[in-house]
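Structure, as structure tokens:
Please treat every number below as a calculation from the coordinates, not as lab data. None of these values were measured; they are calculated from a predicted model. Cβ placement follows ideal geometry from the backbone for every residue including glycine, while neighbour counts extend to all protein chains displayed.
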């Protein structure tokens, strides 16, 4: 028995020595032939994955019962913290019937909870919340980041109601909020936006003025004189705004916003 074990051990040792020697010989060949051309091994691409069925649970549309209402109220404090994404998902699942509860989060003490509530309202996609969002936009004591986010979400849910909020932000001392007003105005198809944007063209901050002129071009398609806005001074912008002021005085009574341009359809691939 002992002799058998010794023989098996000797065979294993000889096999290891053979493998090592073979590897060393191969390495020696590569060293001796540094310019050897490598051989490409045929590669088979993996098969395309099969389509995954949509198993998402659609949001609820029925009114919340008493238990669901309590559950929604209990989710509000969780909009900030480790479970915030889960809480947001639960509100989305509850759907539009939970909006009256979710709107309460817009006045909670935590800025993060307020921000997450706005993001959740965007995911629910219910335009009836726009008036509540406008209140957050107009609030002078609200955090600028939240005011800006509320404006963007409100514009995407119902831009027809946003003109008053943009007019407020256009006069805000914070240039970031003025820029947000100048940018989002391009999506508000209302003639009242034109004089607001002409005023923002003359802003002290160049980046605000550039957003305003770009929105004016997109909103009106008026072919104004071309100027170097990137290197402009405040005096330059005041002078250039006079061109728009004169145009608006002459045309504001008869001017109609042009139809929105639709994106081009993608080319068909063979």
In vacuo Debye scattering of the stretch 90-192, one point per C-alpha: log10 I(q)/I(0) at q = 0.17 Å⁻¹?
-0.70
Taking a crude spin-label model, label points 7 Å out from Cα along the C-beta direction, the residue 254 to residue 239 distance in nm is 3.1 nm
Using only alpha carbon pairs under 8 Å that are at least six residues apart, calculate the relative contact order of the stretch 131-256 and give it in whole percent.
18 percent
If packing is taken as the average number of other Cβ atoms within 10 Å across a peptide's residues, how do 222-230, 130-138, 237-245 rank, most packed first?
130-138, 237-245, 222-230
Radius of gyration and Dmax over the Cα atoms of the stretch 137-270, both given in Å
15.8, 57
Would you calculate the volume per residue, in Å³, of the smallest convex hull containing every Cα atom of the stretch 60-125?
68 Å³
